[in-house]
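The values are calculated or read from the model by the stated rules, or taken from the named source; none is laboratory data. These numbers come from a predicted model, not from an experiment. Neighbour counts run over all protein chains shown; Cβ positions are idealised from the backbone, glycine included. All accessible areas refer to the heavy atoms of the entire protein, side chains included, with ligands and DNA or RNA removed. Shrake-Rupley method; radii C 1.70, N 1.55, O 1.52, S 1.80 Å.
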Amino acid sequence: MVQLNDNIVGIDAAIFMHPTIWKASGHVDAFNDPLIDNKDSKKRYRADVLVEDYVAKIDAKIEKEVAKAAKRFGDAFDKKQFLETNPRVVEYQKEGKAILQRLGKSLEKEDLADVKKLIEELEIACPMSGSKNWTDVKQFNLMFGTKLGASAENAMDLFLRPETAQGIFVNFLNVQKTSRLKIPFGIAQTGKAFRNEIVARQFIFRMREFEQMEMQFFIQPGTQKEWYEYWKEARMKWHLSLGMGEDNYRFHDHEKLAHYADAASDIEFRFPFGFKELEGIHSRTDFDLSQHEEYSGKKLQYFDHETHESYVPYVLETSIGLDRMFLTVFSNSLREEELENGAFRTVLKLPAVLAPTKAAVFPLVKKDGLPELAKEIINELKWDFNVLYDEKDAVGRRYRRQDANGTPFCITVDHQTLEDQTVTIRHRDTMEQQRVAISELRGIIHKEVDMKTWLMKMG
Ligand code: ATP
C-alpha cells in the first residue's frame, strides 16, 4: 500500500483512545453481534453465522452439481452457462439468496425476533447437540472495556480498539497537513484490534486479539462508486498475485450494510472449512469524519486549493486480518503428496516470497571438508537471504524436513564440489535437481524469492 502508492502513507495510532471516539463512531451503540443460546447444549452461537452456515451448505450442493457436470461435459463445460440455466442449481441459488436477503433485512431493522423465526423455519439444529431448542436472539456488544485512573471512584471507562480505522480518522487532518497530501490520498495502518467474540473458533480464523491491516482512502464526495470498484479490483489482484488459485477467491457483496456504509463487499477465500471472509472493502461515506466533527467540536475538513472549498471527504476502506491472511496462506500451502515410489511427503508450498527460510545448505557427508564448504556458501548467501545449515540424517530426510518447512531451495555440497565448485540445487515444488556453479546460486534464489518480482505482478 505505502511503497507502491505515492499518495498513501503509514501511521501507528494508539490502542487506547478517548471513549468519546467510540461513541462517535457508533461502536458503543451498534457494534453488536446477534447471539443465540441452545437451551439443551448450553452452547452460544452467532445467530447470523448459524444462518450463513446453512446457506454455505446450499452452496456446497451447487458446487457438487458443478463438479458433476464438469466431469460429464469435459472440455465443453461452460460453468457460467450451467449456473444460469440448470434448473436445480438456479433453484438452490434463489433459495440461498432469499435467506441471506431476509437475514440482512431483519438485522438492519434490528428485528431479532424474525432472525429467530428464520432459524426455526430453516430447522437449524445446534451443531453440538442436534437440538432445535433455542433462546431468543439478543444483541451483544463486542468491545472490551477497561478503566483509566489511579482510584476506582474517579476511573474513566475505556475501550480497547475493536478496529484500527478510528485511529486513522481522528488523525486524518494531522496526517494530511504534515504530509501535504492532496485528495485522493490514503492512510494505512497495521495494528492490534480486540473483540469480545462470542465464538472464537476455527483455529486462528476468529480471535479475540488479532492484527488488522487497514487503509482508509480519502476521496471527493460523489466519486465513491469509482473508487469502490477500483479498490475491489486492486485488492483482488493483490490476492491473486500470490498464486494460490483464482477459484479459491470470490466477492460477496453485502446485503446488510453497516451503519456507516453505502456499499460493501468481502473478498472470501476457500478455507478448509468453506468460503469465508478474508478482507472487507467498504464505502464508508463521510460518516466517520462527520461524527468525529460533531462529537469533538473540531472541524475535520479538507481544503481544496483549486476550488477554494472545504469539505468532509468520503472514505473508501480496505480492511484485512493479518492473522487471517496467515491462515489463508498456510491452510492453502500445506499438502500431502504421493511420490512416484508410492511414498508420501508433507510439503508446505508457501509462495517463495513469503517462505521464512529461502534455502538450506547440506554437506553430503560430515567429513572431507564438505561441512566447511557448505558453511562458506552460507556465509556468502546470508547477506541476501535467510539460509540454514543441516548435516543430520540422510539427504533424503533433510529434503523432507525442508519441504515441511516450506523452504523453496535445498543446496547439496558433495565431493565434486571440491573439484569444480558446483553444487546440486533442488526445487521444493518440482523436486527437480540441477547442477550449478556456486557463483550462480544467488541469482537463481533471488529470481524466485525477490519481493520486487512479486510486487511487479501488481504493476
Ligand atoms: P465477521 O463478520 O466475520 O465478524 P467483520 O465483518 O466484523 O467480520 P471487519 O470488521 O470488516 O470484520 O474486519 C475486517 C477484517 O478483520 C476481516 O476481514 C478479517 O480479516 C479481520 N477480522 C475481523 N474479526 C476478526 C477476528 N475476530 N479474528 C481475526 N481476524 C478478524
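What the table below lists for this structure:
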item	result
Complete set of residues in the stretch 154-213 that are over 19 Å from F287 (Cβ atoms), in a loop (DSSP other than H, G, I, E, B) and more than 9 Å from the ligand (Cβ to nearest atom)	N154, A155, S179, R180, L181, K182, N196, I198, V199, R201, Q202, F203
Those residues of the stretch 213-237 which are surrounded by fewer than 17 Cβ atoms within 10 Å (Cβ to Cβ) and not polar (S, T, N, Q), in sequence order	P221, G222, K225, E226, E229, Y230, E233, A234, K237
Hits in the stretch 123-145 - residues which are part of a strand (DSSP E or B) and open to solvent by less than 40 Å² (accessible area, probe 1.4 Å)	W134
Pairs with Cβ under 6 Å, 6+ apart, first in the stretch 146-159 and closer than 13 Å to T20 by Cβ and open to solvent by less than 60 Å² (accessible area, probe 1.4 Å), second among the aliphatic types (A, V, I, L, M) and outside any loop (DSSP other than H, G, I, E, B)	L158/L148
Number of the condition not met by I377 [criteria: (1) under 20 Å from V449 (Cα atoms); (2) out of contact with any strand residue (DSSP E or B) (no Cβ under 7 Å at 6 or more places or on another chain)]	(2)
Options K192, K147, K138; residue that is among the charged types (D, E, K, R) and under 17 Å from I11 (Cα atoms)	K192
Complete set of residues in the stretch 301-343 that are of a type in the set (F, W, Y) and under 30 Å from the mean Cα position of the chain (by Cα)	Y314, F326, F330
For V329: the one exception among (1) more than 25 Å from F275 (Cα to Cα); (2) in contact with a helix residue (DSSP H, G or I) (Cβ under 7 Å, 6 or more places away or on another chain)	(1)
Top-ranked residue of the stretch 75-104 - restricted to ones that are more than 29 Å from the chain's Cα centre (by Cα) and of a type in the set (F, W, Y), ranked as nearest to L257 (Cα to Cα)	F82
Test: residue in the stretch 39-51 that is closer than 13 Å to A125 by Cα, open to solvent by less than 10 Å² (accessible area, probe 1.4 Å) and either part of a strand (DSSP E or B) or in the same structural domain as R201 (by TED's automatic domain parsing) (or both)	no
Strands (runs of 3 or more DSSP E) (entirely within the stretch 281-366) containing at least 1 residues that are closer than 27 Å to T164 by Cβ and without any contact (Cβ under 8 Å) to a residue 40 or more places away in the chain	302-304, 309-311
Top-ranked residue of the stretch 171-203 - restricted to ones that are without any contact (Cβ under 8 Å) to a residue 24 or more places away in the chain and charged (D, E, K, R), ranked as farthest from E317 (Cα to Cα)	R201
Residue among E91, E84, E65 that is assigned to a helix (DSSP H, G or I), among the acidic types (D, E) and open to solvent by less than 70 Å² (accessible area, probe 1.4 Å)	E65
Selected residue (criterion: nearest to D33 (Cα to Cα)) from residues of the stretch 225-266 that are of a type in the set (D, E, K, R) and part of a loop (DSSP other than H, G, I, E, B)	K256
The listed residue being in contact with a helix residue (DSSP H, G or I) (Cβ under 8 Å, 6 or more places away or on another chain) and open to solvent by 10 Å² or more (accessible area, probe 1.4 Å), out of F210, F172, F185	F210
Neighbours by Cβ (under 8 Å, 6+ apart or cross-chain): first from the stretch 382-393, in a loop (DSSP other than H, G, I, E, B); second hydroxyl-bearing (S, T, Y)	N386/T357
Lone unmet requirement of (1) in contact (Cβ under 8 Å) with a residue 24 or more places away in the chain; (2) surrounded by 15 or more Cβ atoms within 10 Å (Cβ to Cβ) for T453	(2)
Given (1) at pLDDT 95 or above; (2) not assigned by TED's automatic domain parsing to the domain that holds D48, index of the condition Q202 fails	(1)
Of all residues making up the stretch 400-414, the number that are over 28 Å from the mean Cα position of the chain (by Cα) and either surrounded by 22 or more Cβ atoms within 10 Å (Cβ to Cβ) or not assigned by TED's automatic domain parsing to the domain that holds L373 (or both)	3
Candidates S310, S331 - the one that is more than 30 Å from T285 (Cα to Cα) and of a type in the set (S, T, Y)	S331
Pick from the stretch 14-63, criterion charged (D, E, K, R) and within 13 Å of the ligand (Cβ to nearest atom), ranking: nearest to M156 (Cα to Cα)	D33
The stretch 262-274 - residue that is away from the ligand (no atom under 12 Å from the Cβ) and of a type outside the set (K, R) and, of those, nearest to K64 (Cα to Cα)	G274
